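To keep things clear, I will list the structure first and then write my remarks on it.
Nothing in this text is a laboratory measurement; each read-out follows from the coordinates by a stated rule. Since the model is a prediction, treat every value here as computed from it, not as a measurement. So basically every Cβ, Gly included, is an ideal-geometry build from the backbone, and we count neighbours across all protein chains shown.
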Amino acid sequence: MQKTFNGKIVSVKMQKTVLVEIVRKSPHPVYKKLLKRSRKFKADTAGFSLNLGDSVKIVETKPISKDKKFKVLEVLK
């Protein structure tokens, strides 16, 4: 089963690659307050013309390069 995430593009400075930030909310183990946790993934653009701040859906693939293991599936906004 492939992992898919929705995220926001935070960098478009590389060729054929974008940096996508995934934000999730998880409760604190004791106090139950919702905390924002974020992680950034490099994703292959796969022919899309993308801009800074676009919302995208990314999907896990076989390794494309040393750090790139995701591919942009669709542009949400």
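Below are the figures for this structure:
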quantity: Scope the range 1-55; condition among the hydroxyl-bearing types (Ser, Thr, Tyr) and in a strand (DSSP E or B); matching residues; calculated: Thr4, Ser11, Thr17, Ser26, Ser38, Ser55
quantity: Filter pass, Lys68 being in a loop (DSSP other than H, G, I, E, B), at negative phi, surrounded by 14 or more Cβ atoms within 10 Å (Cβ to Cβ) and charged (D, E, K, R); calculated: yes
quantity: Hits in the range 7-49 (condition: of a type in the set (Val, Ile, Thr) and either in contact with a Ser or Thr (Cβ under 9 Å, 6 or more places away or on another chain) or touching a residue at least 40 places away in the same chain (Cβ under 8 Å) (or both)); calculated: Ile9, Val10, Val12, Thr17, Val18, Val20, Ile22, Val23, Thr45
